[in-house]
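The values are calculated or read from the model by the stated rules, or taken from the named source; none is laboratory data. All figures in this text were calculated on a predicted structure; none of them were measured in a lab. No Cβ is skipped: glycine too gets one built from the backbone with ideal geometry, and neighbour counts run over all protein chains shown.
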């Protein structure tokens, strides 16, 4: 038993923890949980906790259903919302087979595998996400249009606002769990909010994002509101994205930084961005995994619809935020298409894989776009070689199916299941008759 595991066992005894929740996700990013008693934890560290993997979306096949959840002691945290009496803690798990082999479709394992490839190339990946979500009045019926808790807009300060109290409680809870928050504010949509987590290595950040979602839902229950990470919940309001800032480090040095380079980017940074751009369309089904995701991407409100980049262009897929010459550690790229409903483990994995492909293949970075791409004509975009992101989940699936990069990153089992699941989602969506269709056609024909 290592020191971290010993620390966890000691802390559980000292803090009077009565239950330990073991967390992991399925392929689409749904948080899963099993609770064990503290007396079982030492054995869980050594041997794992058995469960039926075939009952978890995409994890394994029925004929090899026995799986083990192995807790990662480095992720141990007390859950603040459960109180100090009969305290509850959580740890994230890696999923393995009974033979102690990594489960082929475990999202956390897939990200770790991709980050190991980056490490073999000498890089550590850091990310910083801007997480947008909506707060609505308590749900009344499943088919009702949700009502935002306020009519505020970007950066509005509303005295005695529910959103203020909500963000404060959420941030204090996250910080009690050791998750640092950099910014929070009201976003552009009514009832829309944003919480930005302080940059961290990609694996820790994926864990932190799953924790943030759990915290947001717990605070929503406590405050009597409904929280949603749905990419486009309202027709006439902005969607919820998760703009993700990403950088590679070589030891303590930011590999993207070169004060003498164009826009302060090194060759490595330009190659990484070129990889993201070249593969953006084929990874879209992962970074934007739902039918609703494409209503955000093609709904305006600064959501990117086209594959291009610009130093300060908020209509571009990738933006290069400015940094002061003396602060080279902050050199980074901002990938703007990913939304708040993505599975962070798989999304970060394909983003990193695309960037590394650009470095390995010495991809050439296209010229930047310095104007609003959406306002250009198709001919102008064609002349500049600017392609469109997929307009639907169906198109995104078709592009992903042809992608060697995504297939290699996810692995055969996860890739096949993800494709099947998204085909099913698209087919279900295609069978729906929407209120908009009835409004337009019911009395017309």
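Descriptive notes on the structure:
- Subset of region 360-388 (residues that are in a helix (DSSP H, G or I) and at pLDDT 90 or above): 360
- Within region 1-19, the set of residues being part of a loop (DSSP other than H, G, I, E, B) and either closer than 15 Å to residue 78 by Cβ or touching a strand residue (DSSP E or B) at 6+ places or on another chain (Cβ under 8 Å) (or both) comprises just one member, 16.
- Taking region 325-337 as the range and being in contact with a strand residue (DSSP E or B) (Cβ under 6 Å, 6 or more places away or on another chain) and surrounded by fewer than 24 Cβ atoms within 10 Å (Cβ to Cβ) as the test, the residues that pass are 328, 329, 334.
- When we screen 347, 284, 357, 322 for residues that are surrounded by fewer than 24 Cβ atoms within 10 Å (Cβ to Cβ) and not in a loop (DSSP other than H, G, I, E, B), the only hit is 357.
- Only listed residue being under 31 Å from the mean Cα position of the chain (by Cα) and either outside the structural domain of residue 83 (by TED's automatic domain parsing) or closer than 21 Å to residue 211 by Cα (or both), chosen from 26, 52: 26
Okay, residues lined up against (1) under 17 Å from residue 357 (Cα atoms); (2) in contact with a strand residue (DSSP E or B) (Cβ under 7 Å, 6 or more places away or on another chain):
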{"residue": "258", "(1), (2)": "no, yes"}
{"residue": "278", "(1), (2)": "yes, no"}
{"residue": "282", "(1), (2)": "yes, no"}
{"residue": "301", "(1), (2)": "no, no"}
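- Set 41, 22, 115: member being in a strand (DSSP E or B) and either at pLDDT 90 or above or within 27 Å of residue 348 (Cα to Cα) (or both): 22
- Filter result (in contact (Cβ under 8 Å) with a residue 60 or more places away in the chain, within 28 Å of residue 306 (Cβ to Cβ) and outside any helix (DSSP H, G or I)) within region 389-438: 389, 390, 391, 392, 402, 403
- Per the listing 197, 174, 203, the residue uniquely touching a helix residue (DSSP H, G or I) at 6+ places or on another chain (Cβ under 9 Å) and closer than 18 Å to residue 78 by Cβ is 174.
- Selection of region 44-67 for residues being part of a helix (DSSP H, G or I), at pLDDT below 75 and surrounded by 19 or more Cβ atoms within 10 Å (Cβ to Cβ) yields only 53.
- The single condition from (1) at positive phi; (2) not assigned by TED's automatic domain parsing to the domain that holds residue 284 that residue 444 fails is (1).
- Test set (1) under 23 Å from the mean Cα position of the chain (by Cα); (2) buried (at least 19 other Cβ atoms within 10 Å of the Cβ); (3) not in a helix (DSSP H, G or I) - residue 110 fails condition number: (3)
Yes or no, residue by residue, for (1) within 18 Å of residue 416 (Cβ to Cβ); (2) in contact (Cβ under 8 Å) with a residue 60 or more places away in the chain:
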residue	(1), (2)
5	no, yes
22	no, yes
38	no, no
47	no, no
76	no, yes
89	no, yes
98	no, no
106	yes, yes
110	yes, yes
